[in-house]
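One structure is given here, and the rest of the page talks about it.
The values are calculated or read from the model by the stated rules, or taken from the named source; none is laboratory data. Note that the structure is a prediction, hence the values are computed from the model and not measured. For neighbour counting, all protein chains shown are included, and Cβ atoms are generated from backbone atoms with ideal geometry for every residue, glycine included. SASA here: full protein model, heavy atoms, side chains in, ligands and nucleic acids out. Shrake-Rupley method; radii C 1.70, N 1.55, O 1.52, S 1.80 Å.
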Amino acid sequence: MKTEVKALVVGGGAVGTSIAYHLARAGWSDVMLLERDELTAGSTWHAAGLLPYFNMSYATTHIHDYSIKFYKTLEEETGLDAGFFVVGNLRMAQTQARMDEYRLYSATAETCDVPHEFLTPAQIKERWPLVRTEDLLGALFHPTDGYINPADVTMAMAKGARQRGVLIERKWQVDGYTWHGDHWQVQVTKMAERGGNLVPTEESVVIRAEHVVTATGNHAQRTARMLGLKTPAIPVEHQYIITEPDPALVAWRAEGNPQHPVLRDADAKWYVREERGGWILGPYERGAPACFRYGVPDSFRADLFPLDLERIEEDYMSMIHRIPTSETVGLKDDFNGPICYTPDGNPLLGPAPGLRNMWLAEGFSFGITAAGGAGYYLAQLMTEGEAAIDMASLDPKRYGQDWMTTDYAVTKNEEAYEHVFILHHPDEERPAARPLRTAPAYERQKALGAQFGHVNGWERPNYYGPLDAPEHFDHDARSFRRGGWWEYAEAEARAIRETVGIIDASAFAKHVVKGPGATAFLDHFTCNKLPKVGRINLTYALSVKGTTRTEYTIVRLAEDEYYLVSAGAWHAYDEDYLQKAAEDFGMDHGWFTVQDVTTQWGVYAVAGPNARALLQGLVRDAEPETVLGNKRFPWLSMRNIELGMCPVRAIRVAYTGELGWELHFPMEMGLYLWDQLMAAGAAHGLKPVGARAQNWLRQEKSYRAFGTELGRDATPLEADLPRFVDLSKDFHGKAAMEATGIRSKCCTLLIDGPADADPWGREALYHGDTRVGRLTSGGYSVAFGKSIGMGYVRPELAVPGTKLLVRMMGDLWPAEVVEDSPYDPANARIRIDG
Ligand SMILES: Cc1cc2nc3c(=O)[nH]c(=O)nc-3n(C[C@H](O)[C@H](O)[C@H](O)COP(=O)(O)OP(=O)(O)OC[C@H]3O[C@@H](n4cnc5c(N)ncnc54)[C@H](O)[C@@H]3O)c2cc1C
């Protein structure tokens, strides 16, 4: 047993094996994989092996795409047949909304070059006559995917890994991790078979590993405990059944017809594929329970749970409806196994929070599909410092260590499982485990009709609907087009442009960096000039590749004290990077501290032409008439003011592009302040405004958002933000940013789209017949009375006046690149005096 390696991968399922393979392929020569049992002994052995391309996320689509292409190459490389049946994948639609979903998906697929086509019911019937089509509107067909034998593909990857020098050791269980400054010491125990059980022996060793990757599947809770972490990766029971041969299917195949594609009746929530003349039915039914919430019992090896046929009865009946010949065939086999889940259904793939050289690859619910791509992109991240795609949406830190609990994970994972086949509306909000994190004015906002979104556990108003809204209002308001909420968001956006609005932004992440070394650290960590005392700057912390890792609004509170505000959805993700960067920088330039003050400060953004008049009525100052004027309170500055009895750190910025202030207040005074503002605002036309209207308004100002225009796949220069990059100084990521050049460039577009739909920010962009980029944001502009979007295109096209086309609802619609900040380009309205 080797006791010193560069990288140790823990877990020999599909995912761990792929990671070990790809680390070796990326050039790391000293990689070892440990498996406590046999390879594939976890969930991998009993997976149905489907490889669905379909995914509404850009990053995950890339991961699935890589896997599908990679698995096809394995046989040539290893001589082992991975058991890949490229039969295609047919997603059927029973409703117009489902077809709309496929059209939106198709836009994402197009931007990732994923082959797909739409079929009519007649075309389906013609190709696969056993399928009932009368009640279908159509289908989306992926010709290049299908299903694979999970054990075979894992063994092929294992062979490929060994050929590249990876050591694979079975029957070794990891029992502890200790960090020693530049390496991990990993305690491992030899396991042995005793009467069908797997038990620890007396034999144990300590392995020294520079890097560790955990890919422990259903054992993620035990792994997390050993690392002192909390993780939401908890399995849910998933079952599928195999029927006896269906004579009609056998006869049809005997005529020389090819296998059926994997059939997915999304509206009936199941997949079906052929298996030795019969059918495999895999439903994503309601009521599937989570399991192993505190760990896998020692007695559970490659075991299964008993079948719960009652739970899937409805799905069974709907299979019979769709494939009538299956009615008379009996059941041959069943599988009910643990399938690891996370609250949003995406894996946890990336650096572990707070730890060095510790990489998590946990919580895979489509692990056979994702293994190839997950291994490829994680290996890039580990060996090069960044991956070719932005991995943020998969990052383990999207669930904060400070608020996430076992019950939360269980509740949301059961919900995520049940939602696999629901309509994936881009404006969908899921109800489980809510409300959980509420800002002080939550009840007030609810009483005003607020319909909330769930952001990093927080409740955040998306829009304010009717006061007497029925319980399912928001659910019914969802759409792939302009939903039932659209008119409310439109009125809110208009209020900010015409009178004044208030937005609760309390979820913002907030940190204070303070001490004699703070200035030197932040100057190195961020790319813009630091502001003077009392002033504000927008700036970016870059990744090692010079792309955008975090966007900060930095307020300089004192010579050595800075208040950093960043995206609420990315609190733990930002915190981890900031803390680690501070540690790396060290105290040579003077000591400094980094303090997370997110839950100490609430935030209301008050913006609109009447914002100043509103606040003037509440501000306590010797000269209330001048305190908010441009002389005493210029744009991009900060002042401590008092609004009634509430001390407020007021920041003169407005993400909506109108005269406005962000009011940062002690969280416990938030209710008081809300009431004061709402009462004083009545005379000024104050309207509570949600995140959807805000998202539209910021696009009129071309303000980039983190997670859409800004992320680890583009530099701030590609985001076309040179004014926030101070090239005269040195900063982290600068050389890499400059070396990257401008691969594509961010721009704003006004779009003449369909009358009942706006883009969502995932659509393909065309120049004539050539695809030239994609949208990253989309919405409606009240100022221009048409759709608006932001996106990335080839640099030479990112110039005002360029005519492009946007793919929406299957058609191409005219769009024009406009000057940045098409609304109020001179910022006259933001700077207005009074
Ligand atoms: C019924 C069913 C059907 C499914 N169908 C599909 C499908 O069609 N398509 C698809 O993509 N996915 C499917 N899945 C999901 C798929 O099985 C999983 O996502 C995938 O197997 C996860 O792989 P993994 O490597 O992450 O985990 P696992 O396969 O569970 O591997 C983890 C490994 O880590 C080992 N391990 C754990 N702790 C330690 C330790 N401390 N030391 C050493 N070793 C350790 C375990 O023994 C195990 O072998 C299905 C799942 C189920 C239950």
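Determine, for each peptide in 43-52, 198-207, the mean count of other beta carbons within 10 angstrom over its residues, then list the peptides with the highest first.
43-52, 198-207
How high is the FRET efficiency from Arg276 to Leu80, r the C-beta distance, R0 30 Å, rounded to 0.05?
0.90
A full extension of the chain between Glu193 and Asn630 corresponds to an added length of 149.6 nm, given 0.36 nm per residue minus the alpha carbon distance.
Quick check for me: using +1 on Lys/Arg Cβ and -1 on Asp/Glu Cβ, what's the dipole size of the chain about its Cα centre, in debye to the nearest 20?
1700
Could you order Lys734, Lys230 so the one with the most accessible surface comes first? Probe is 1.4 Å.
Lys230, Lys734
Only helices enter the 222 nm calculation for the chain: every DSSP H run of n ≥ 4 contributes -39,500 (n - 2.57), and dividing by all residues gives -7500 deg cm²/dmol, rounded to 500.
The residues of segment 1-143 expose, per residue, 32 Å² of accessible area to a 1.4 Å probe. Amide H to amide H, with H built 1.01 Å from N, Arg535 comes under 5 Å of Arg556, Met638, counting only residues 5 or more places away or on other chains. Residue ranges 394-401, 130-137, 697-704 sort as 697-704, 394-401, 130-137 when ordered by packing (mean number of other C-beta atoms within 10 Å per residue, highest first).
Projected label points at Ala251 and Gln600, each 7 Å from Cα along the beta carbon direction, are separated by 7.7 nanometres. Across the chain, Cα pairs under 8 Å and at least six residues apart give a relative contact order of 12 percent. Taking amide hydrogens as placed 1.01 Å from N in the peptide plane, the amide H of Thr776 sits under 5 Å from those of Met790, Gly791, Tyr792, each at least 5 positions away in sequence or on another chain.
Modelled spin-label separation between Thr593 and Thr383, with each label point placed 7 Å from Cα along the Cα-to-Cβ direction: 4.3 nm. Of the trypsin sites (Lys or Arg not before Pro) found in segment 523-614, those in coil by DSSP whose Cβ has at most 11 other Cβ atoms within 10 Å are Lys532.
Sorted on the mean count of surrounding Cβ atoms within 10 Å across their residues, most packed first, peptides 88-97, 353-362 read 353-362, 88-97. When nucleic acids and ligands are ignored and a 1.4 Å probe is applied, Met1 ends up with an accessible area of around 90 Å². Applying 1/(1 + (r/R0)^6) with r as the Cβ-Cβ distance of Ala302 and Ala828 and R0 = 51 angstrom yields a FRET efficiency of 0.15.
When the charge dipole of segment 169-317 is built from unit charges on Cβ atoms (+1 for Lys and Arg, -1 for Asp and Glu) and taken about the Cα centre, the candidate among His211, Phe300, Tyr316 whose Cα reaches farthest toward its positive end is His211.
With both residues required to sit in segment 428-558, DSSP beta bridges show an antiparallel share near 95%.
At most 12 other Cβ atoms within 10 Å and a DSSP loop assignment: could you name the GluC sites (Glu not before Pro) in segment 537-582 that fit?
Hits after loop and neighbour filter: Glu559.
For the pair Ala520 and Ala739, what calculated FRET efficiency results from E = 1/(1 + (r/R0)^6), where r is the Cβ-Cβ distance and R0 = 22 Å, to the nearest 0.05? Could you put the intermediate results ahead of the total?
Values: r = 25 Å, r/R0 = 1.12.
That pair, Ala739 with Ala520, gives E of 0.35.
For Leu198, no residue whose modelled amide H falls within less than 5 Å of its own remains once neighbours fewer than 5 places apart on the same chain are excluded.
Applying the criteria of a DSSP loop state and at most 15 other Cβ atoms within 10 Å to the trypsin sites (Lys or Arg not before Pro) of segment 1-76 yields Lys2, Lys72.
Full extension of the segment from Thr405 to Asp811, taken as 0.36 nm per residue of separation minus the current Cα-Cα distance, would add 141.7 nm. Take Asp30: with every protein chain present and a 1.4 Å probe, its accessible area is about 40 Å².
If you take the Cα centroid of segment 49-73 and the Cα centroid of segment 549-596, the two points sit 36 Å apart. Per the Debye formula on identical point scatterers at the alpha carbon atoms of the chain, with no solvent, log10 I(q)/I(0) at q = 0.07 Å⁻¹ is -0.56.
Per-residue Karplus couplings for segment 327-338, computed as 6.51 cos²θ - 1.76 cosθ + 1.60 with θ equal to phi - 60°, are listed in order as 4, 8, 8, x, 8, 9, 7, 8, 9, 9, x, x Hz, Gly and Pro entered as x.
Every Cα-Cα pair in segment 332-380 was counted, and those over 14 Å apart are 59% of them.
Pairs of Cα atoms nearer than 8 Å and 6+ residues apart set the relative contact order; for segment 1-68 it is 29 percent. In order along segment 153-160, the phi-based Karplus estimate (6.51 cos²θ - 1.76 cosθ + 1.60, θ = phi - 60°) of 3J(HN,Hα) comes to 5, 5, 5, 5, 5, 5, 5, x Hz; Gly and Pro are listed as x.
Ignoring any ligand, DNA or RNA, what whole percent of the accessible area of the chain comes from carbon and sulfur when the probe is 1.4 angstrom?
Within the chain, the accessible surface is 51 percent carbon and sulfur.
Distance between the 7 Å Cα→Cβ label points at Glu313 and Gln579: 5.0 nm.
Please list, in order, the residues from segment 554-587 whose amide nitrogen is less than 16 Å from a point placed 7 Å along the Cα→Cβ vector of Lys729. Residues 554-565, 582, 585 qualify, since their backbone N sits under 16 Å from the label point. Here, segment 531-599 has an Rg and a Dmax of 12.3, 33 Å when only alpha carbons are counted. The string of couplings for segment 469-479 from the Karplus curve (6.51, -1.76, 1.60, θ = phi - 60°) is 4, x, 3, 9, 3, 5, 4, 6, 7, 5, 6 Hz, one whole number per residue in order, with x for Gly and Pro. Here the gap between Ala683 and Asp756, fully extended at 0.36 nm per residue and compared with their Cα-Cα distance, gives a gain of 22.8 nm. Per residue, the accessible area of segment 589-738 comes to 36 Å² when a 1.4 Å probe rolls over the protein heavy atoms.
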